[in-house]
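To start, the structure under review is shown below, and the notes come after it.
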Amino acid sequence: MINELRRMAEEKLKSRQDIAEVNISPHEMRGMLYELRVHQIELEMQNEELQRTRNELEISRERYFDLYDLAPVGYVTLSEKGLIQETNITAATFLGEVVGGLLNRSISRFIFKDDQDIFYLFRKELFETGNSQVCELRMVKRDKSSVWARMDANIDREADGNRAFRVVISDISERKKAEMQLKKIEQKQAEEHLENVRHKERESALLSARNYIENVLDSMPSLLVSVDEGDLITLWNIQAEKVTGITKDNAIGKSLKIVLPYLENVMEDVHEAMRTREIMSSVKRVHVIDSMTHYEDLTIFPLVSNGVDGAVIRVDDVTERVKLEQMMMQSEKMISVGGLAAGMAHEINNPLAAVLGYTQNIKKRLFDELDKNSEMARQCDLNLANMREYLELREVPLMLDGIQESGVRAARIVKNMLTFSRKNSIIFHKCNIANLLDKSLELIRSDYDLKKTYDFKKIAIHREYDSNMPLVYCDGNQIQQVFLNLLKNGAEAMFDVEHKTESPRFVLRTAAKNGMAIVEIEDNGPGMSPNIAKRVFEPFFTTKPVGKGTGLGLSVSYFIITEHHGGNIEVFSKIGKGSRFVITLPIMS
């Protein structure tokens, strides 16, 4: 290169005309030689620098081509129309081609047919926005096999000013393969998850159905117990827990004979129901709990589905129903007795009046100082004083008093019996119930019957009256008669026992609820057993000694409240806890 420059310089020098005409002195020649020598050295140094730069450029060029051609990704320069203008060896190898086999060919020839639209939109977006673009698509190799590639492209301009785009092509086949495998795994996991979800949904549905059935069974008022063929408990509902006090955990899996020994006598029926597949039942079975008689309906249902051998035992406490039936029978009996009492009263009333009248006349003719008596005694030559002395010695006056007293008592019974059937004398008007109670207290306090066994003035009275109690449409005299009966019976009961801890006491309450007036009369007497409390309203039933009570007071009170006023009367009592009578009356009849 230096020789070439010298040659060119000599030719240029010869072309100059003035070089031969220059006269140079020796001193100037030496100066010029010195300058030429310095300039020569400078040129040699520049030549060395140029050679070094050339070597570095050559090394850099070799390094560039190594980096470009042997890069792990393919580099391709495309024209605006998509023709390959430059490519490295990696891109060619990726497509199974040589570098020369790719130049000036359309990149679309190497795009998988189904992914042509992806490349079209990729190039369109690149030229329209001028921003870098990325896409993933399949490319076709020379052997027609397809590979996955990622394209990263940027816009560039060539030296001639035309637009081109440079593309980096990365082989993502392994990644796509991994993604496909991962997708299959995820799909399988999704399917397994879906199956698990469906399984859980089925389990949840079964659990919900089971809970629903258990809730239905638990909400039933019946005691439900199921047993298998070995008499072991498999079902135990909440009612069974409430009745027995035994929890489900302590009952399931145990023998019915151990958990409910009182049902041991029905196990033969249970086995018979399993064998015959027929429902068996018994009604109003007596079951005694804490000395209290209960009635139960028992039904045995055999289990016949899914090859399961067992039975469900249903126990219903029908004690209240039986009591209601007994009350209805009692009510019907009392109604029939009422009709009978009316007829008996009329039949007894006439001869009873004659007995009382004759007794009164006998007493007058024997003991009264009447002129007619003295005249008849003189005619018979009879000394009245001696006769009266004789009669008194023989206690005839006491006998006559007894006849008269018994007659009066019988008349009172007849009057009460007539109350069962007669309504024509009832007079209804608005009454203050609290006032009727207080008047009844005043009347019973002023009762000076020497034969009574109680002192009402020693009984404490606690009033719990509702100040907003409305007036009640009723027959005040009859309601007062009921109050007197209850107060008298309570007083007699309280004085029949010794009150060691507290004095005799009545608690009187009034209240209004749901259009009904409620009156309570509570004592702290000895109370009654359930059997006695059940019969207190029956006609002629009494616990008093013979001659002390008629057994009609409470039955008459019952008819006054229920038949005459359309109300109700109940008694609540326990031995040693006193008695509480509750009267319910319609406020408006």
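The values are calculated or read from the model by the stated rules, or taken from the named source; none is laboratory data. For clarity, every value in this text was computed on a predicted model and none was experimentally measured. Note that we place each Cβ from the backbone using ideal geometry, even for glycine, and neighbour counts take in every protein chain shown. For accessibility, only protein heavy atoms count, side chains too; no ligands or nucleic acids. Shrake-Rupley method; radii C 1.70, N 1.55, O 1.52, S 1.80 Å.
Some observations on this one:
- Cβ crowding within 10 Å averaged over residues, with 134-144, 459-469, 76-86 ranked highest first: 76-86, 134-144, 459-469
- Order of exposure, largest accessible area first, which applies to Trp148, Trp236 with probe 1.4 Å: Trp148, Trp236
- Evaluating 6.51 cos²θ - 1.76 cosθ + 1.60 at θ = phi - 60° for every residue in region 566-577, the Karplus couplings come out as x, x, 8, 9, 9, 10, 10, 8, 9, 4, x, 10 Hz, glycine and proline recorded as x.
- Kirkwood hydrodynamic radius of region 172-290, Cα pairs, Å: 18.6
- Based on Cα contacts under 8 Å between residues 6+ apart, region 473-536 shows a relative contact order of 29 percent.
- For region 104-228, alpha-carbon Rg over 2.2 N^0.38 Å: 2.17
- In plain terms, if you count all Cα to Cα distances in region 478-537 and split them into 10 Å steps from zero, the share in each step is 19, 44, 31, 5, 0 percent.
- Interchain or long-range residues, amide H under 5 Å from Ala71's placed H: Thr90
- Long-range amide H partners of Arg105 with built H, under 5 Å: Ile84
- Based on C-alpha pairs under 8 angstrom that are at least 6 apart in sequence, region 72-231 has a relative contact order of 18 percent.
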